[in-house]
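One structure is given here, and the rest of the page talks about it.
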């Protein structure tokens, strides 16, 4: 039976993609205004108001959260794959200021004079960044025109921007949208942002340095080169067996690193005293509970605030040092690539300090294990293919590949968990069929608020902006309910790890019978594009989102520990 989804009506989106790739081939600077028409007529589900003269504040907030706070001062965005490419073009980016965003982990450098350097790890960074820049500019200019009519000076506009009701009237948007705009600028930069909004239109330019597939592979090589010294052992086996995870840098570390579990009193007392996000009462109630699993999620969520409440990096260094003595090593930006990694030696994990939900029967056998967990901070899109391909070449016996990530759900709610056995990949146009290592019963016991849906079908999209409602409808009618950005590239790399040829294109690819190692894919819902009311857009998952994140992470680590203990017992 042909399980490929029907080709959705996406001529406008295809035209948009073709437009920016063809223009970015230029060796000079390209104005973002050249993308605006194709962007506006693409019908993006994240930018429904692109053609309206009323500001679409939700789209602006989404874009602004994925750009640095310095964006109002930027006029040129330079895309490159390495320091060498930037330097060859005359940009000494090593001396530029490191800047960050709330919604994307992408290396950025700012020269303080209008130039923003963006390091791209794959073509997915282009598909992600160009629509973000275009949406940002379209909505900025709408708001600029209305701001000029509503205020006589930057100072007057700043006073208006302080008040959501006054800003709502000035821009002709809802009070909720006005508050979104205030949040998008941020309290620390509200005055500078409102001044810039009043004083100038956005006329961004983009220049792409000579991007190539081989440069992406070189970046992956540098990344693995930064990990390998910590992975290779001096004793046999020099390349230990590996369970590979793509997730985040906090869940696995908190579950097996043991710091939170061994510093309960300090974290609880801090939470009672500071009452972060109004969670003090919840912490107090959980601390008095006889069930340790009541407190664990709060400990993990509050640990970041507890660390950053201390001045400087002393507390973070303390956490890293503690974890290292318990078998977990954190590698920050290995090879100067902004995808952190962690290596956990299973024989050094302390069963007394790990999360109580991981204490499976026979866990004491882990002291005999020679295997490690390699966990990486989930990469964006096609970067997943390049990094897993390189890791697969560098490790020893590969015993499992597990992918945990965020996704949009077409049939669930924020905080649900989705497990897919079919993945359609927009990059290769392949439909991957796999035997997912996880079912609902592996996740459900650890999920308190959401629901778990297994036997789902996922679509790996090129970008969050490159989808229209008609496009999503076509997939939904074929039973595809999960929209995400990494599963297809990861599965393409899996195919090449077990086959003597490159991954095909536009085919149905059966992985179920060909992988000698475990393959598991889990997603937690962070967005519901069919419901603008529920859609998070630029908001954080906050404590509610920790529930589904940790339920998925617990399922992965329990699977690894169970497999390893069974292997040791049979030996």
In the stretch 378-391, is there at least one residue being out of contact with any helix residue (DSSP H, G or I) (no Cβ under 9 Å at 6 or more places or on another chain) and in contact (Cβ under 8 Å) with a residue 12 or more places away in the chain?
-> no
Test residue 473 against the criterion of being within 22 Å of residue 42 (Cα to Cα) and in contact with a helix residue (DSSP H, G or I) (Cβ under 7 Å, 6 or more places away or on another chain), and give yes or no.
-> no
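Output yes when any residue across the stretch 92-101 is more than 21 Å from the chain's Cα centre (by Cα), free of Cβ contacts under 8 Å to residues at least 40 places away in the same chain, assigned to a loop (DSSP other than H, G, I, E, B) and over 22 Å from residue 464 (Cβ atoms), and no when none is. So that I can check it myself, show each step before the final result.
The first filter runs over the stretch 92-101 and keeps only residues more than 21 Å from the chain's Cα centre (by Cα), leaving 92-97.
Add one more test, that the residue is free of Cβ contacts under 8 Å to residues at least 40 places away in the same chain, and what stays is 92-97.
Those still in the list that are assigned to a loop (DSSP other than H, G, I, E, B) too: 92, 96.
Filter once more, so that each one left must be over 22 Å from residue 464 (Cβ atoms): 92, 96.
Yes, the stretch 92-101 contains at least one residue that is more than 21 Å from the chain's Cα centre (by Cα), free of Cβ contacts under 8 Å to residues at least 40 places away in the same chain, assigned to a loop (DSSP other than H, G, I, E, B) and over 22 Å from residue 464 (Cβ atoms).
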Where in the stretch 424-501 are there helices (runs of 4 or more DSSP H), lying wholly inside it, with at least 3 residues that are modelled with pLDDT of 95 or more and not assigned by TED's automatic domain parsing to the domain that holds residue 125?
-> 440-443, 487-498
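Results for (1) more than 17 Å from residue 332 (Cα to Cα); (2) crowded, with 19+ Cβ neighbours inside 10 Å, shown as yes or no for each residue.
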| residue | (1), (2) |
| --- | --- |
| 229 | no, no |
| 241 | yes, yes |
| 255 | yes, yes |
| 260 | yes, yes |
| 269 | yes, no |
| 275 | yes, no |
| 293 | yes, no |
| 298 | yes, yes |
| 306 | yes, yes |
Which is buried (at least 18 other Cβ atoms within 10 Å of the Cβ), over 25 Å from the mean Cα position of the chain (by Cα) and in the same structural domain as residue 468 (by TED's automatic domain parsing), of 365, 399, 359, 390?
-> 365
Which one of the conditions (1) touching a residue at least 24 places away in the same chain (Cβ under 8 Å); (2) over 28 Å from residue 407 (Cβ atoms) does residue 318 fail to meet, given that it meets all the rest?
-> (1)
Hits in the stretch 63-91 (condition: in contact with a strand residue (DSSP E or B) (Cβ under 8 Å, 6 or more places away or on another chain), in a loop (DSSP other than H, G, I, E, B) and under 26 Å from residue 181 (Cα atoms)) | 68, 69, 70, 74, 75
Out of (1) modelled with pLDDT under 95; (2) surrounded by fewer than 21 Cβ atoms within 10 Å (Cβ to Cβ); (3) not in a helix (DSSP H, G or I), what's the single condition that is false for residue 207?
-> (1)
So residue 546 fits all but one of (1) at pLDDT 90 or above; (2) farther than 28 Å from residue 56 by Cβ; (3) under 16 Å from the mean Cα position of the chain (by Cα); what number is the exception?
-> (1)
Residue within the stretch 221-240 that is in contact (Cβ under 8 Å) with a residue 40 or more places away in the chain, touching a strand residue (DSSP E or B) at 6+ places or on another chain (Cβ under 9 Å) and in a loop (DSSP other than H, G, I, E, B) present = yes
Given the conditions (1) surrounded by fewer than 22 Cβ atoms within 10 Å (Cβ to Cβ); (2) within 28 Å of residue 398 (Cα to Cα); (3) under 23 Å from the mean Cα position of the chain (by Cα), and given that residue 458 satisfies all but one, which numbered condition is not satisfied?
-> (1)
Filtered residues of the stretch 105-138 (kept if surrounded by fewer than 24 Cβ atoms within 10 Å (Cβ to Cβ) and in a loop (DSSP other than H, G, I, E, B)) = 105, 106, 107, 111, 112, 113, 114
Output the residues belonging to the stretch 40-80 that are surrounded by 21 or more Cβ atoms within 10 Å (Cβ to Cβ), within 21 Å of residue 122 (Cα to Cα) and over 19 Å from the mean Cα position of the chain (by Cα).
-> 77, 78, 79, 80
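The values are calculated or read from the model by the stated rules, or taken from the named source; none is laboratory data. For clarity, every value in this text was computed on a predicted model and none was experimentally measured. Ideal geometry is used to build each Cβ from the backbone, glycine not excepted, and the neighbour counts take in all protein chains shown.
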